[in-house]
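Visitor: Below is a structure I'd like to ask you about.
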Amino acid sequence: MADSLQISTGEVTAELPITEGAVRATGLAVVETDRGPLASYDPGFVNTAACRSSITYIDGDAGILEHRGYPIEELAEKSSFLEVAYLLSNGELPTATQLADWEYQVNRHRLVHENVYDIIKSFRYDAHPMAKLMASVVSQMTFYPSSRRIAEPELRELNAFRLLGKMPTLAAATFRHSIGRHPVYPSDELGYVENFLAMLFQSQQRVWRSDPRLTRALEVLFILHADHEQNCSTTAVRTVASSGNDVYTAAAAGIGALFGPLHGGANEAVLKMLREIGSLDRVPEFIQGVKNGRGRLMGFGHRVYKNYDPRAKVIKQAVDDVFEVRGMNPLLDIAVELEKIALNDDYFVSRKLYPNVDFYSGLIYEALNFPSEMFTVLFAVPRTAGWIAHWTEQLTDPDQRIIRPKQLYTGYERRTYVPMEDR
Ligand SMILES: CC(C)(COP(=O)(O)OP(=O)(O)OC[C@H]1O[C@@H](n2cnc3c(N)ncnc32)[C@H](O)[C@@H]1OP(=O)(O)O)[C@@H](O)C(=O)NCCC(=O)NCCS
């Protein structure tokens, strides 16, 4: 294994030590170029580590995802979402007392100031819930101005509890607004996920209880979406944190990044694709179309995973539970058939294209009665646990500074301003 990288230009020879599988990019600057000290160029940061992190480990080739060393499959089977949130932020699994205290702290902060509902109401009825979520999340900073004192650990923790507690309340309020219903207040009787479902679907006139199998299926989806290391939204959160921002402002940036269809919107595209295919007998024709370059098989392939996405394996089990309660959806048969054919077809196998987390999640959300605009909101709520852990890590890492990448300037050289009449 190489332990250093030699760069030699004729004039300079430098040896850059390789530690933790990387060279320090600033080491390249010993080489002078016609544009100044040598830099690296890496659009999309595909081969650049911007931080050191101990939260989540991914090995995309092997299909491994671990939080603080614990495999996602085990967490999805044995843990709860709030326990995983604790693990992400604190680094260890909690004892029973620590977990009870953590749950108490999160759940006691579920209520939001009444004015927040006015903020949501000020949007048009058909405004996308992600826009309402982003606005209501960032508004929390104005209700809790001390959240700006990010150097104080107690205040960092208090506002992390507040954000985690309030996310389901805000997410549910955006949904209720879009269907013309009053918001439902959080209930101390219900756990984190069941309370979220109640705030979404309860009607004024009758008591609402979720089927425990559906609550557990959503809890599993929450666990699967809690963190995924340096993805686009987490990088947005870290960038906004790096200039000294509170957790609400940073999370709002994360919500904005997640809103993009390349990040949080693929499960909606999967449903659209399944509807377009329409019936089982049209699956082979669709696959052939993909192979001929007519569109992509949505929910397949991943930038990092070149193997079965471990989250997709777990989701398949949740699918069975949900459809047992809600009855079969013909789209599921189409999805299963697509997967069967694709996993045995050389086009997909040779390109290492496997189902990703989005292949089945949209079907589950739909079976739980969520409209498609809510799918990304259902991603943002649990991802908040990861954002909080990364926000804290970013703020407390002595190596970190304000994030400010370099650019390779490709514009004009200096020229003289041309007066309007001469243009
Ligand atoms: C996720 C995704 C953007 C990753 O892209 P990537 O790692 O940059 O991979 P590339 O776009 O370079 O694709 C590599 C090859 O596989 C093909 N490919 C990738 N995903 C494909 C898909 N879903 N269906 C068909 N072909 C696909 C590409 O056409 C390319 O083929 P080529 O080498 O013949 O040109 C891509 O797989 C995709 O668009 N998937 C569908 C959307 C999706 O499910 N997104 C959610 C991700 S969680």
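The values are calculated or read from the model by the stated rules, or taken from the named source; none is laboratory data. Only a predicted model underlies this, so the values are computations on that prediction, with no experimental measurement involved. Glycine also receives a Cβ, built like all others from the backbone with ideal geometry; neighbour counts cover every protein chain displayed. When the accessible area is computed, the model is the full protein with side chains, heavy atoms only, and any ligands, DNA or RNA have been set aside. Shrake-Rupley method; radii C 1.70, N 1.55, O 1.52, S 1.80 Å.
Visitor: Given a 1.4 Å probe and the protein chains all in place, what does the accessible area of Ile287 round to, in Å² to the nearest 10?
Guide: My reading of the accessible area for Ile287 is about 10 Å².
Visitor: Full-extension gain between Glu74 and Arg149, please, as 0.36 nm times their residue separation minus the C-alpha to C-alpha distance.
Guide: 23.3 nm
Visitor: Using a 1.4 angstrom probe on the protein heavy atoms only, line up Lys316, Lys132 by accessible area, largest first.
Guide: Solvent-accessible surface, decreasing: Lys316, Lys132.
Visitor: Given points 7 Å out from each Cα along the Cα-Cβ axis, report the Glu20 to Ser243 separation in nanometres with one decimal.
Guide: Each label point lies 7 Å from its Cα, and together they span 2.5 nm.
Visitor: Say a paramagnetic label sat at a point 7 Å from the Cα of Tyr125, along Cα to Cβ; which residues of the stretch 177-200 have their backbone N under 14 Å from it?
Guide: Under 14 Å, as judged by backbone N against the label point of Tyr125, lie 177-182 of the stretch 177-200.
Visitor: What is the local net charge at Lys306, summed over the other residues whose Cβ is closer than 14 Å to its Cβ (Lys, Arg +1; Asp, Glu -1)?
Guide: Taking every Cβ under 14 Å from that of Lys306, the sum is 0.
Visitor: Checking the table Lys291/Lys352; Lys316/Lys340; Lys306/Lys340; Lys272/Lys306; Lys78/Lys316 against a 19 Å threshold on Cα-Cα, which pairs fail? If you can, show how the numbers build up before the last one.
Guide: Working: Lys291/Lys352 14 Å; Lys316/Lys340 13 Å; Lys306/Lys340 17 Å; Lys272/Lys306 24 Å; Lys78/Lys316 16 Å.
Beyond 19 Å: Lys272/Lys306.
Visitor: Alpha carbon centre of the stretch 255-279 versus the stretch 27-106: separation in Å?
Guide: First find each Cα centre; the distance between them is then 25 Å.
Visitor: Moving on to the next point. Evaluate Rg over Rh across the stretch 278-423, taking Cα atoms for both radii and Kirkwood's formula for Rh. Write down the numbers at each step before the final one.
Guide: Numbers: Rg = 23.1 Å, Rh = 19.5 Å.
Across the stretch 278-423, the Cα-based Rg/Rh ratio is 1.19.
Visitor: Residues in the stretch 238-258, backbone N under 18 Å from the label point at Ile402 (7 Å along the Cα-to-beta-carbon vector): list them, ranges by number please.
Guide: 238-247, 249-250
Visitor: Shifting gears a bit: How much length is gained if the chain between Arg351 and Arg414 is pulled fully straight, taking 0.36 nm per residue apart and subtracting their Cα-Cα distance, in nm to one decimal?
Guide: Once the chain is fully extended between Arg351 and Arg414, it gains 18.1 nm.
Visitor: Then there is this: In debye to the nearest 20, how big a dipole does the chain give about its Cα centre with +1 on each Lys and Arg Cβ and -1 on each Asp and Glu Cβ?
Guide: Around 1180 debye, computed over the chain.
Visitor: Right, another one. Just the number please: accessible area per residue for the stretch 223-332, 1.4 Å probe, all protein chains included, in Å².
Guide: The answer is 43 Å² per residue.
Visitor: Taking the Cα-to-Cβ direction at Asp42 and at Gln6 and moving 7 Å from each Cα, how far apart do the two end points lie in nm?
Guide: Calculated label separation equals 2.4 nm.
Visitor: Another question about this same structure. When only alpha-carbon atoms are used, what values of Rg and Dmax, in angstrom, describe the stretch 3-54?
Guide: For the stretch 3-54, the Cα radius of gyration and maximum Cα-Cα distance read 12.2, 39 Å.
Visitor: Can I ask one more? Hey, what number do you get for the chain at 222 nm if only DSSP H runs of n ≥ 4 count, each worth -39500 (n - 2.57), divided across all residues, to the nearest 500?
Guide: Per the formula, -16000 deg cm²/dmol.
Visitor: If you stretched the chain out fully between Asp320 and Asp34, how much longer would it get, using 0.36 nm times the residue separation minus the C-alpha to C-alpha distance?
Guide: 96.9 nm
Visitor: Measure off 7 Å from each Cα along the Cα-to-Cβ vector at Thr142 and Arg296, then give the distance between these two points in nanometres to one decimal.
Guide: 3.8
Visitor: Can you compute the label reach from Leu99? Point 7 Å from Cα along the Cβ direction, backbone N cut-off under 19 Å, restricted to the stretch 200-234.
Guide: Those under the cut-off are 212-213, 215-227.
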